[in-house]
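Trainee: Here you go, one structure.
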Amino acid sequence: MAGQATTVPLPGSPAPALESRPSRRGSLRPSAGAVAGIDTARAAGAVGLSVVVALSLLIVIVAADRPSGLAPTSHANYFPDWMAGPLGGLWPGLTSNPTTLRYLFSAIVVAMFVGYLVLLRNVTHLSARWVVGAIVAVHAIFVLAPPMALTDVFNYINYGRMEVLYHLNPYTSIPIVEPHRDPAFLLSNWHQLLSPYGPLFTLLTFAVVPLGVAGSFWALKCLIALVSLATIALVWRCARLLGRDPVSAVAFVGLNPIVLVWGLGGDHNDFLMMFCIVLGFYLLLLGRVRARAAPKVLGGVRDWLLPLSWVEIGAGAAFVTAAAFKASGGILIPIVLAGMLRSRRGLAQMVIGMLAAGAALGLASLVAFGLHIPDLSTQSQVVAQESVPNLIGFAIGAGGETAALRTIMTLLLACSLLACMRAAYRHGDAIASSGWASVTLLVTLSWVLPWYVLWVLPLAALSSSRRLRTAVAVVGTYLIIVWVPAAGLVWQAIGFHPEKTPLGRLHQRYVRELLN
């Protein structure tokens, strides 16, 4: 991390040399061999792009066709039209064999990921219109999808209905105490877990309750897709401010199959958190551009505070808002602050924004939920069999993640955050440092899910660090290997059973208790 180039230059410091966008046309007449190479690269990129779009449509058609584990909230006697969506039933001859469906779904995801990697390698040879058009197309496709990849969206809806319809605070009452006839209760699964979701997101779920369960589902689905597109638009703007190729950046973020299938397909709230984080970085970059153009003013504390700079204030508010949607976003706040330490005025303005947003959001949470906060402590005790800490514990013969191993992982994360803060301060590269912190969080979490890769994608896309983007590719490969539906069948075939050790059974029992 110490060797990363500056991406957030400090006011008064020499402006870094901006990376020029790769030229799509050479200034001199290229040789025949060069033309052939460009044509090959363009063709490969087009194939990769086409694979991602076409297989996105195919995977949604497969999931929407009939009840199966690919749409976890469906079952043999329940898959209503409002849940299946407009693409339901388009493939009457599709097999109903669950094993075949799992292998088919897995093969499609793997092929999409390969196409994505091919696309990224050759994206500079493609037209911006085609790439942006493909991003919009896949978002439209997954808006039409049934609820895929776990049942979180109905947990969101259920926690909102608990408060609005039954006056049960989701931070103090578990869902099992609400009327079991409620349709959202029947579709949700974390019945013994107090809500771990941020207060701002929980308030958002209150707003959709009048729409009913089906209306809430489609409202959240459309909102999340629009927020994802808005985030990608901000990535484009950030890349332009950094002098980097915006087409490559948005392709890296907007066409990642893991995020498409498990994120958009599952309608997860991480998109709201990441929109705020990327907005914060965009405002900081915009503020740096304005600071370089403005005359340098040396003064005391009063000059740090006045006149107010709404760009930095907005950035501070955006980072706090991200944490109010989902607590995971809060780990980036100290890194961003460390990156601003050499800009006293910018730091002061950003702190003003953080304090103002924190006060407003805290007051709203106090009015709605009292002094209660999301239940992160219970969720932090849940262990996914596929998480890196659990696999390490299994590999060393401990049977899974032990309490000691969890402590080691926590210390590793803390040390990583300190290292990232130091790097952000020394090099002014809060984007890359935040990306590395997010990668560390992913590999140290006990409960890691595939769409969490979204936490680092925009940061890696905007960073100058190729090593960070390589790390994201490695993490993505790992998540696909352990989370595709056929993974369990493969583990069974080779005799890999981390869930059958005494500690693994204990972890599984704890999860079942929360799901009961």
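A short reminder: the numbers here are calculations on the coordinates, not readings from a lab. Quick caveat, the model's predicted, so the values are computed rather than measured. Cβ placement follows ideal geometry from the backbone for every residue including glycine, while neighbour counts extend to all protein chains displayed.
Trainee: Residue-wise, which Karplus ³J(HN,Hα) couplings in Hz belong to the range 469-477, taking 6.51 cos²θ - 1.76 cosθ + 1.60, θ = phi - 60°, and x for glycine or proline?
Mentor: Karplus-based 3J(HN,Hα) across the range 469-477 equals 5, 5, 4, 5, 4, 5, 4, x, 4 Hz.
Trainee: Run the simple label-point estimate for Gln492 and Arg121 please: 7 Å along Cα→C-beta, distance reported in nm.
Mentor: Placing both labels 7 Å along Cα→Cβ, they lie 3.5 nm apart.
Trainee: Mind jotting down a quarter of the surface of the convex hull over the alpha carbons of the chain, in square nanometres, one decimal? The partial results should precede the final answer.
Mentor: Numbers: hull surface 106.3 nm².
Across all orientations, the chain yields a mean hull projection of 26.6 nm².
Trainee: Exposure proxy check: Arg466, Arg426, Arg505 ranked by fewest other beta carbons within 10 Å?
Mentor: Numbers: Arg466 9, Arg426 17, Arg505 13.
Ascending number of Cβ neighbours within 10 Å: Arg466, Arg505, Arg426.
Trainee: Roughly what would the spin-label model give for Leu223 and Arg466, points 7 Å off Cα along C-beta, in nm?
Mentor: 4.2 nm
Trainee: Further question: Using a basic spin-label model with each label point 7 Å from the Cα along Cα→Cβ, how many nm lie between Ala207 and Thr477?
Mentor: 4.2 nm
Trainee: Tell me, in nm to one decimal, what length is gained between Arg129 and Glu513 on full extension, where the rule is 0.36 nm per residue of separation less the Cα-Cα distance? Spell out each step's value before the answer.
Mentor: On the way: separation 384, 0.36 × 384 = 138.24 nm, distance 4.96 nm.
Length gained, Arg129 through Glu513: 133.3 nm.
Trainee: Give the shape of the range 29-178 as rounded, prolate or oblate, defined through the alpha-carbon gyration tensor: a ≥ b ≥ c are the square roots of its eigenvalues, a/c under 1.5 means rounded, and otherwise the shape is prolate if a/b is larger than b/c and oblate if not.
Mentor: Working: a/c = 3.30, a/b = 2.02, b/c = 1.63.
Verdict is prolate for the range 29-178.
Trainee: Over all directions, the average projected area of the alpha-carbon convex hull for the range 382-516 comes to how many nm²? Don't skip to the answer; put the middle values down first.
Mentor: Values: hull surface 35.9 nm².
Value for the range 382-516: 9.0 nm².
Trainee: Give me the number: length gained by fully extending Val289 to Ala395, i.e. 0.36 nm times residue separation minus the C-alpha to C-alpha distance, one decimal in nm. Numbers along the way, then the final one.
Mentor: Working: separation 106, 0.36 × 106 = 38.16 nm, distance 4.94 nm.
So the chain would gain 33.2 nm between Val289 and Ala395.
Trainee: If you average over every viewing direction, what projected area does the convex hull of the Cα atoms of the range 309-415 give, in nm²?
Mentor: On the way: hull surface 34.6 nm².
Averaging across all directions leaves 8.7 nm² for the Cα convex hull.
Trainee: Still on this model: Using helices alone, I'd like the mean residue ellipticity at 222 nm for the chain: each DSSP H run of four-plus residues gives -39500 (n - 2.57), total over residue count, nearest 500.
Mentor: Roughly -20500 deg cm²/dmol at 222 nm, from the helical runs in the chain.
Trainee: Follow-up question, since we're still on this one. Where does the charge balance sit around Ser446 when Lys and Arg score +1, Asp and Glu -1, over other residues with C-beta under 12 Å from its C-beta? Walk me through the numbers before you get to the answer.
Mentor: Numbers: positive: Arg406; negative: Glu386, Glu401.
Here the charged neighbours net out to -1.
Trainee: Whole-Hz ³J(HN,Hα) for each residue in the range 449-464, computed from phi via Karplus 6.51 cos²θ - 1.76 cosθ + 1.60 with θ = phi - 60°, x for glycine and proline: what do you get?
Mentor: 10, x, 6, 5, 4, 4, 4, 10, 4, x, 5, 5, 5, 8, 6, 7
Trainee: Sort Trp455, Trp310 so that the residue with the fewest other Cβ atoms within 10 Å of its own Cβ comes first and the one with the most comes last.
Mentor: Least to most surrounded, the residues fall as Trp310, Trp455.
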